[in-house]
Amino acid sequence: MPTPAFILVNPQMGENIGAAARAMWNFGLDRMRVVGPRDGWPNPRAVALASGAGRLLDQAGLHASTGDAIADCHFVFATTARTRGLTKPVFSPESAMAHAHELVAAGQNVAILFGAERAGLENEDIAQANAVISVPVNPEFPSLNLAQCVLLTAYEWRRQSDAATTAMAALAAPMEATSATQIEVDQLARHFDERLTEAGFFFPPAKAENMRLNLRNLWSRMPLTRADVQILHGILRQMVRWKERG
């Protein structure tokens, strides 16, 4: 079975990237993507800490933005200690990886986002995800090291492997041909943003940024198919044509 992509967003220390690679390979995961690493790429400190998992670093994709890293994905989880006011489905690591198995068995490309060591994922990153993975940690000390979070998620993926059945794949198979990819959802979000900006929707200016963030989060929460995306694009185009004729 193909595996999810583990995406490290703005990681700061090469040692943590290497330790994350080692944790992934411990449990048979080899699809790493790195977004804007602070100390550049490739990173010799990451190689030193990978300890036998250097091939993951050699094959890791380097991306300039979270949107670029998830562009080919159908479903994205964001790991975070708190939901930060963004309404999204919240999974435990166990239930998240069980759902990920179903999606992957159906032919979907799944990704998990992991934030930087200092403060985790930014709201803009979480807004692009379809769901959140929340670890039930001590509320007085909720901070997890990047490699620890990767290890925990990778372990749950491996543990769920035996539970993934052919029946699950058969039930979810129709999603393979119809689900919209993240880049298609992002293009729809941009289209709406452009038209709503022209219409003066984002008012007053002081609230515009938060309104855009909530709207982007809305698109990520919806299980859109490619047909849905095409219809919504068509509605916007027709409304513009109608306005021009009027």
Checklist line | Matching residues, the stretch 15-47, being touching a Ser or Thr at 6+ places or on another chain (Cβ under 6 Å) and among the hydrophobic types (A, V, I, L, M, F, W, C) | finding: L29, V35
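Among the residues of the stretch 206-228, what is the count of those that are within 11 Å of F192 (Cα to Cα) and either over 24 Å from the mean Cα position of the chain (by Cα) or of a type outside the set (D, E, K, R) (or both)? It would help to see each step written out before you state the result.
First, the residues of the stretch 206-228 that are within 11 Å of F192 (Cα to Cα): 212, 215-216, 219.
Keeping just the survivors that are either over 24 Å from the mean Cα position of the chain (by Cα) or of a type outside the set (D, E, K, R) (or both) gives 215, 219.
Total satisfying the criteria: 2.
Have a look at A154, A167, A172 and point out the one that is at pLDDT below 90, in contact with a Gly (Cβ under 9 Å, 6 or more places away or on another chain) and either in the same structural domain as L213 (by TED's automatic domain parsing) or among the hydrophobic types (A, V, I, L, M, F, W, C) (or both).
Details: A154 fails: at pLDDT below 90; A167 fails: in contact with a Gly (Cβ under 9 Å, 6 or more places away or on another chain).
One residue alone meets the criteria, A172.
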Next item on the list: For the stretch 210-244, name all the residues that are aliphatic (A, V, I, L, M) and farther than 25 Å from V132 by Cα.
Entry: A227, I231, L232, I235, L236, M239, V240
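If you take just the strands (runs of 3 or more DSSP E) that sit entirely in the stretch 11-91, which of them hold at least 2 residues that are surrounded by 22 or more Cβ atoms within 10 Å (Cβ to Cβ) and more than 20 Å from the chain's Cα centre (by Cα)? Talk me through it step by step, then tell me what you get.
On the way: elements: 32-35, 61-63, 75-79.
Filter on the stretch 11-91 gives an empty set.
Got a sec? Which of E94, E102 is out of contact with any Phe, Trp or Tyr (no Cβ under 7 Å at 6 or more places or on another chain), closer than 28 Å to Q160 by Cα, surrounded by 18 or more Cβ atoms within 10 Å (Cβ to Cβ) and touching a residue at least 60 places away in the same chain (Cβ under 8 Å)? Give the derivation first.
On the way: E94 fails: surrounded by 18 or more Cβ atoms within 10 Å (Cβ to Cβ).
After applying the criteria, what remains is E102.
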Margin query: Give all pairs with beta carbons closer than 9 Å in which a residue from the stretch 232-246 that is under 17 Å from A189 (Cβ atoms) meets a residue that is assigned to a loop (DSSP other than H, G, I, E, B); count only pairs at least 6 apart in sequence or on separate chains.
Written below: L232/L224
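The values are calculated or read from the model by the stated rules, or taken from the named source; none is laboratory data. Note that the coordinates shown come from a computational prediction; the quantities given were computed from them, not determined experimentally. Every residue, glycine among them, receives a Cβ derived from its backbone with ideal geometry; neighbour counts consider all protein chains shown.
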